[in-house]
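Asker: First the structure, then my questions, so here it is.
Derivation of every value follows stated rules applied to the coordinates shown; laboratory data play no part. Remember, it's a predicted structure, so these values are computed and weren't measured experimentally. So basically every Cβ, Gly included, is an ideal-geometry build from the backbone, and we count neighbours across all protein chains shown.
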Amino acid sequence: MTELGKADFGVKTFFAKSHPNDKCGSNGLPLTPNSIKILGRFQGLTTIHHPRLCRYIDISKGRHERLIVVSEYYKDNLLKIGKTGKYGSVEELLTLAYEVLEGLVYLNRKSITHRNLSKSNILFDTKGNVKLSEYGLYHVTEYGANVSFPIGLPEYMPPEVLCDCPIETDEHADTETVVTDPCGPKTDVWSLGVILLEVFTNVDLWEGLSNPQKIYRTVEFLNEGKHPFDFYTEEYSLQDKIKVLPEGVLDFLRNCLTVNSKERPSPECLLQYKIFSEHNANKKPYKNGFRMFTVQLRSKDLELSPYDENGYTEDHLSERSMDEVYYLWRLAGGDLEGVLKSQGLVKTKPPVTLIPNFCTGDGDVFGQKRDRAELLDNTIVVLSQEQLRNRLSEVDEKAYYPLIHTDDDMTEFKRMPKSSSAADLLETASLPLIIREKDVEYQIEVDIPRCHQYHQLLSSPTAHAKFKRVLKAWVYYNPQYVYWQGLDSLCAPFLALNFNDEALAFSCLQAFIPKYLHNFFMKDNSAVIQEYLCVFSHLIAFHDPELSNHLEGIGFIPDLYAIPWFLTMYAHVFPLHKLVHLWDTLLLGNSSFPLCIGVAILTQLKSQLISFGFNECILLFSDMPEINIELCVQDSIRIFCNTPKSAIYRQHARPAKKTIKADSRPNLSYYSRDYNDQPTNDLSMEPKTIEELRAVKCPHISAEDMIELGEFSGPVQSKSPTKRKHNSKPMLLVIDVRVQEEFNKGTIPSSINIPFQSAFCPEGNLNPCPAVTTLNAHPLQVKVVVGGRNKNALNFANELVRLGYKKVCVLHKGIDVLRNTSILTIPPADI
Amino acid sequence: MSKEDFKFTFLSKDLVSTLEVPVPIPLKQPLNDFIGQLVTAHNLPCFIENELKEKLDAFVWKHTQQTYEKNVQKKIDEIKKADQASVDSLVDKWSKAFTQEVKTYAKVEAETQEEKFSKVYHALIHSPALDTLLNLEHTYSLTVEDLLRQRDADLGHLQQRQREEMDEAVKTYSNDEVNELAQNHFEQMQMIESKWTKELTNLKDTQKQEFREWVIKVHEDTQSQSKPYIGRMRNISTTLPEADDGERSEATVTMEESFTIHLGAQMKTTHNLRLLCTDILDLCRHKTHTVGGMVIPQPQRLQTAMSLYSNNLCGLILLTDNNLSMYTGLKKHFSRVCEQSTDFHFPDLQQQLTSIEQQLPLRDTSKGNKSSRESKDIGLQTGDFYITKHSNLSEVHVVFHLVTDDSIRSSDITSRHPVILSIRNIIKQCFRHDLHTITIPLLLAHHMSEEMTIPWCQRRAELVFKCVKGFMMEMATYESSSSRTIQFLVPLGISYEMFSGISNMLTTIFRVSNAIKVHLAGISTVDISRGFIDTNFVEQSFTYQLQKNEETSADGSTDISMLSSCVS
């Protein structure tokens, strides 16, 4: 993390080149706007931390192709300081050169060429150290291809750059501009040479010359025999001034200004010059922060600064990282476009005056006027931190240092699972060179440009490349699975969140799938999906029999609409900003929680669904309608809490982990724990075949759950949060459907007896009797239908669902399961 | 991207192993990733990783530098070989790049009269002066109308006289003499016509100049006075008499239905659709509007004037033929509507067309040699469109004249038909230039004709709906924030059954939002936008606009709030 320190935030805006014509890319899809491409490439820049470089903080896309970039900024720059003549001193000059080179070398190692070096973007922090800025522009614009303006200033451009034509904007070209031969690090060396010569002599070389003259003369260097260094010194009579320079420094400058870039030293090479030996000796290794989940020693070179009373700063904000402060700035009402507007930087002409005159059928446009506002304006606007500081003035000091642990926190921390093998994670970044199946590759290629493309970041080519790598890595690491469509949607939120850390995005995906989508991605996943959908329909019937009956009546079964929901955990049907909301809750729940979300969605759309026929329902879900996600989350939590755990048991859920410790606290988290992770016994739920599941409309409940919810073995330490309050009504109503004789021989306490054979009248309604009255008086209780060995219980339950009774479920294995318990009692004679 | 062979030898126990792999230069992925791949693919032992990394790093670095050098050398060689002319052109290109694209080098553009006027006008129309401004415009337009009436009467009179003369002549004179007379008549007619045209042009020029001077002057006054321009603001409710019942219900009775729809698979954007049946020129023409016998400006005029220089423009697609002149059919009527009053902001229609005509040859120079098109064939073609701008039309700022031909009458045009593709280009222009409302002739016809049977209409409506939906989804991808209004226009004379059939089709093709569904179907439905023109509405919309005279809201909420205010 880089602390804010005394830095300011500088905002700059520029326009990406718009694609004028209807061009299509090689994949037949419309071209990605240049602004989106830049947005994607920019993300990598935000990871650059170096003491000689200004941090890039944020980029945002405005209307049309406008981009707004926020970066670290200081008011002092070389243009200003150079005029004071400070760099007339050799030491100062060398320090300047050394610091600039340090920054350049770091960039070069990241394969970035500055290409934009000028006096105005060599900044100085408050301690007078060099901070290079604007170094990412050439890189993010794909070497200038994505913008229509030239990058850099003519006076500092080396001859080889000027040899090449500037990138031209052809309004009617059919191909996209691509720069195949970007500039290397040595271009910056020339610029540095010119800049150093200028600040040392305090003469602006080529001052007063027009641009064409400057360019012409630079190109002339190529033919002229005279060394540019000599040319400059003679042209501007600098001989006297440079006389004082030691030989080494003269050599340095002369080498920088070598015409032939082959002979020109690279920044790395220059740093090894003898003149910098002192600087090199005093150099402190730069360690800035650490990557998350790294195996490197984080504190190897850590030197804690000695505690100093005087060094204690009152300005806590400056101790926070820049990203954090910027985030707070936005929270405090910061508005980038507003800031630019107030500085007159986004003044555009009224659109009516810019409309073209005519347009051909091919989409070529004529007579369009250029808005001057689209030209490059190098002005940097400083964001005022005043408002933020005012807002924070009341905040307690401690709030600035949230990571100081108390003892309690530490114990918590120790319990956190250690990363099983960090090396695994590093490895995840690597990719197989050969992907097994060509088809998979093709499918991924096709899916990615259709996945969450409204999201600016994810629609950029950078994101597409990352998508591809993460998905392929997943396919490679899970040979037991196949690539199913939908995996791309599943990957999207993780990638969007960990854009600069593909390995982490992959690990998230890798951990998410086994928990919620165990075996969903098998080649033949029908058994898994079928069971899932069956349990889903049971759950609908359990909570909303009316809706369930209607949907079943019109034949609108979950198979027709819910598969993409579950296969992508809703990532395919909701936009990311809503999805994160949903997943925040989903991740806390167990693997059955997604079923409850499905029911919550249906509940929200109930009024429409009830009134719709089959075709309208299909149409409604062909494209998920707007869902109030907040409500959906609340509903699904409610549904989850009101469902016995065994009712949403699935045999194909992830099997229990091998090491089940005898938990001291049996239910650490009821919500997040899976049924399969609980210890099992005779009374637990057991797998059922798909036919068995389909035979009944409502879920089964295990005897274990029933005993617990009904508190038949006395008040126990409840496993469920649905623990009833003291003295409240019982949660269960047990309905014994066996014939009365058997009922009288022994049954579950406080159960009612409605023998199946005599329960229903010919019209299909329940025959009125005292037991039915009791049943009707308990609409909100979970109704457990208990039967013998025959199918009566199932049939009875189905009938109850048909009649619209809520929360009906069947006791798994019937009354027999309780024989070995001491629960069964003889009912009081009067019932 | 080239590949270089990288060789790496290492020792494990006594075994010497050599790794040879092609490495892409430049290496686009992080070095660590690449090494990870190598280790996995070749099953390399972990103890060599560090060394491998070091070597590979140096290798990649060296070769990347070499690539740079090679590229540079190629460029330098080229320029060294080049003659003076190409060096000159190179320098020229560079300096052009700087002067045309970078503000510090660009010529400082002096603010043109047009720009100044537009700014001042926009400021005034959003100030208390708007009322005066509108009335002034209105008065001017009345004068023009008056002149037009005189012209029409004069011409009518002349025609009448000539006809009588001709009738007489046919009876008595010889053929040659009749011809001569006809010739005379024609010349006479032309002379009179040009006299009127000249007079009209003069009047308009004078008006335009006066108006502009007045606007600038008022603005200067406002600037110089410390107090805002309130003095001349009238309270409209006090000066206007009560509307008669007849005036209240005068509005055109038409079929109209509005929908709010959602577009997009995951991220939804909200847009408004409107299906209406009316004459397309009704959207352009100002209707005489009286309140209590007093002729006052229409409220649409206010809306149009206020949004003229905003980011909320209205456009209209007018189908036309490949002839730029405006003498026949609908075009003639359109040009009549345009000349009805002075356009204070843009050149008149004829001038705009002339300048478009001048630019037409550009298309060939741009596409140049590779165009398969015949070089002499520079006229307009089906699928082209030209654009005119207007400030004096009722509900429209921008008109897209879309060139069509008879192929459009066929019942089986596809989504690849040039006219359909052109609609895509028009929608694209709408997104690029902030036209938030666009009117599209749904059946791609302005009048009902005999080939337009019920199945024909259904197919056409379905095609256009689906294509427009597709285009909207495509364009909205990256500009998701703003909502648009699309008006689908069907010609007058369509049956009620057909209209409701189309309306039902719309709801199946577009996802209609559940929240708002303003259902106004039916013959008897009063057109909301034009039905409620009475003092009450005028007053309310005025106050509404005055409250927010700083900025016009750029979104569609204006319409909604105006709607609700007039309903209440």
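Asker: Give me the inter-chain shielding for B:433-442: mean count of other chain Cβ atoms within 10 Å, whole number please. Let's see the in-between values first.
Answerer: On the way: counts 9, 8, 3, 0, 0, 0, 0, 0, 0, 0.
Per residue, the number of nearby Cβ atoms from other chains is 2 on average.
Asker: Beyond a 19 Å Cα-Cα separation, which of these cross-linked pairs lie in this structure: A:K110/B:K62; A:K349/B:K96; A:K186/B:K62; B:K195/B:K331? Display every interim value, and only then the final one.
Answerer: Numbers: A:K110/B:K62 14 Å; A:K349/B:K96 23 Å; A:K186/B:K62 13 Å; B:K195/B:K331 23 Å.
The answer is A:K349/B:K96; B:K195/B:K331.
Asker: Starting from the Cα of A:K283, draw a straight line to each of the aspartates and glutamates and keep only those under 13 Å, dropping any in the same chain fewer than 8 residues away.
Answerer: A:E99, A:E102
Asker: How charged is the neighbourhood of A:G788? Take every other residue with its Cβ under 9 Å from the Cβ of A:G788, and add Lys/Arg as +1 and Asp/Glu as -1.
Answerer: Values: positive: A:R738, A:R789; negative: A:E742, A:D816.
For residues surrounding A:G788, the net value is 0.
Asker: Follow-up. Provide a whole-number value for the mean count of partner chain Cβ atoms within 10 Å of the Cβ atoms in peptide A:341-352.
Answerer: Across A:341-352, the average partner-chain Cβ count within 10 Å equals 4.
Asker: Where does the longest stretch of chain A lie that holds no GluC sites (Glu not before Pro) found in a DSSP loop with 10 or fewer other Cβ atoms within 10 Å? The partial results should precede the final answer.
Answerer: Numbers: sites that count: A:E207, A:E263, A:E303, A:E309, A:E314, A:E394, A:E763.
The segment A:395-762 is the longest one with no such site.
Asker: What residues qualify as long-range amide H neighbours of A:K131, i.e. H under 5 Å apart, gap of 5 or more or another chain, H built at 1.01 Å from N?
Answerer: Distant-sequence amide H within range of A:K131: A:L123, A:F124, A:D125.
Asker: Could you give the nm distance between label points at B:Q190 and A:L31, where each point is 7 Å from its Cα heading toward the beta carbon?
Answerer: Going by the 7 Å Cα→Cβ label model, 5.0 nm.
Asker: Under the definition of Cα pairs under 8 Å and six or more residues apart, what whole-number percent is the relative contact order of the stretch B:2-101? Kindly include the intermediate steps, with their values, before the conclusion.
Answerer: Values: 61 pairs, mean separation 21.2, N = 100.
21 percent.
Asker: Another question about this same structure. Give me the net charge of B:L147's neighbourhood, meaning all other residues with Cβ under 11 Å from the Cβ of B:L147; Lys, Arg count +1, Asp, Glu -1.
Answerer: Values: positive: B:R149, B:R151, B:K204; negative: B:E145, B:D146, B:D152, B:D154, B:E199, B:E339.
Summing Lys and Arg as +1 and Asp and Glu as -1 gives -3.
Asker: Counting other C-beta atoms within 10 Å, and keeping those with at most 15, which DSSP coil GluC sites (Glu not before Pro) do you find in the stretch B:85-131?
Answerer: Details: sites: B:E101, B:E109, B:E111, B:E114, B:E115; in loops: B:E109, B:E111.
Qualifying residues, ordered by number: B:E109, B:E111.
Asker: If you restrict to DSSP beta bridges whose two residues both lie in chain A, what percentage is antiparallel, to the nearest 5?
Answerer: Working: 27 of 40 bridges.
DSSP beta bridges in chain A are roughly 70 percent antiparallel.
Asker: Using only the Cα atoms of the stretch A:429-516, what do you get for the radius of gyration and for Dmax, in Å?
Answerer: Rg, Dmax (Cα atoms, Å): 11.8, 34.
Asker: Please go through the stretch B:56-124 and write out the trypsin sites (Lys or Arg not before Pro) that DSSP classes as loop and that have at most 11 other C-beta atoms within 10 Å. If you can, show how the numbers build up before the last one.
Answerer: Details: sites: B:K62, B:K70, B:K74, B:K75, B:K80, B:K81, B:K93, B:K96, B:K103, B:K107, B:K116, B:K119; in loops: B:K103, B:K107.
Within the stretch B:56-124, the qualifying trypsin sites (Lys or Arg not before Pro) (loop, at most 11 other Cβ atoms within 10 Å) are B:K107.
Asker: Please list, or write none, the aspartates and glutamates whose alpha carbon is within less than 19 Å of the alpha carbon of B:K466, excluding same-chain residues fewer than 8 places away.
Answerer: B:K466 reaches A:E616, A:D623, B:E257, B:D412, B:E474.
Asker: Something else about it: For chain A, what is the mean residue ellipticity at 222 nm derived from helices alone (per DSSP H run of n ≥ 4: -39500 (n - 2.57); sum divided by total residues; nearest 500 deg cm²/dmol)? Don't jump to the answer; show the numbers that get you there.
Answerer: Values: 34 runs with 318 residues, N = 831.
Only helices count here, giving -11000 deg cm²/dmol.
Asker: OK, next. Starting from the Cα gyration tensor of chain A, take the square roots of the eigenvalues, sort them a ≥ b ≥ c, and report rounded, prolate or oblate (rounded when a/c is under 1.5, otherwise prolate if a/b is larger than b/c, else oblate). Walk me through the numbers on the way to the answer.
Answerer: Working: a/c = 3.04, a/b = 2.29, b/c = 1.33.
Cα axes put chain A in the prolate bin.
Asker: Here's something else I'd like to know. Take every Cα pair under 8 Å in the stretch A:526-677 that's 6+ residues apart, average their separations, divide by the length, and report that relative contact order as a whole percent.
Answerer: Numbers: 123 pairs, mean separation 47.1, N = 152.
Relative contact order here is 31 percent.
Asker: A further question on this structure: Given axes a ≥ b ≥ c from the Cα gyration tensor, I'd like to know whether the stretch A:526-677 is rounded (a/c under 1.5), prolate (a/b larger than b/c) or oblate.
Answerer: Details: a/c = 1.98, a/b = 1.65, b/c = 1.20.
Because a/c hits 1.5 or more and a/b exceeds b/c, the stretch A:526-677 counts as prolate.
Asker: Which value, in Å³ per residue, describes the convex hull spanned by the Cα atoms of the stretch B:29-159?
Answerer: On the way: hull volume 55.6 nm³, N = 131.
Output value, Cα hull per residue: 424 Å³.
Asker: Among the trypsin sites (Lys or Arg not before Pro) within the stretch A:25-76, which fall in a DSSP loop and have no more than 16 other Cβ atoms within 10 Å of their own Cβ?
Answerer: On the way: sites: A:K37, A:R41, A:R52, A:R55, A:K61, A:R63, A:R66, A:K75; in loops: A:R52, A:R55, A:R63, A:K75.
Of the trypsin sites (Lys or Arg not before Pro), the ones in loops of the stretch A:25-76 whose Cβ has at most 16 other Cβ atoms within 10 Å are A:R63, A:K75.
Asker: Which FRET efficiency value, to the nearest 0.05, is calculated for A:E220 and B:L19 with the Förster distance at 41 angstrom and r the Cβ-Cβ distance?
Answerer: Efficiency computed from Cβ-Cβ geometry: 0.25.
Asker: Among A:K6, A:K349, A:K17, which comes first, then next, by fewest other beta-carbon atoms within 10 Å?
Answerer: Working: A:K6 11, A:K349 17, A:K17 23.
Least crowded to most crowded, the residues run A:K6, A:K349, A:K17.
Asker: Kindly work out what percent of the DSSP beta bridges joining two residues of the stretch A:690-818 are antiparallel, to the nearest 5. Show your work: numbers first, answer last.
Answerer: Values: 1 of 13 bridges.
Approximately 10 percent, going by the DSSP bridge assignments.
Asker: Separate question: Picking from B:S194, B:M166, B:F117, whose Cα lies most toward the positive end of the charge dipole for the stretch B:113-224 (charges on Cβ: Lys, Arg +1; Asp, Glu -1)?
Answerer: Of B:S194, B:M166, B:F117, it is B:F117.
Asker: Excluding B:S500 itself, calculate the net charge of residues whose Cβ lies under 13 Å from the Cβ of B:S500, where each Lys or Arg counts +1 and each Asp or Glu counts -1.
Answerer: Working: positive: none; negative: B:E256, B:E257, B:E497.
Residues near B:S500 contribute -3 overall.
Asker: Among rounded, prolate and oblate, which fits the stretch B:2-101 when a ≥ b ≥ c are the square roots of the eigenvalues of its C-alpha gyration tensor, a/c under 1.5 means rounded, and a/b larger than b/c means prolate? Before the final figure, lay out each step's value.
Answerer: Values: a/c = 5.08, a/b = 2.99, b/c = 1.70.
It comes out prolate by the Cα gyration axes.
Asker: Would you order B:Y496, A:Y476 from fewest to most other beta-carbon atoms within 10 Å of each residue's own beta-carbon?
Answerer: Details: B:Y496 12, A:Y476 17.
Final ranking by Cβ density, sparse to dense: B:Y496, A:Y476.
Asker: Here is a further query. Averaged over peptide B:379-385, how many Cβ atoms belonging to another chain are found within 10 Å of each residue's Cβ?
Answerer: Working: counts 0, 3, 3, 1, 5, 6, 4.
Going residue by residue through B:379-385 and averaging, the value is 3.
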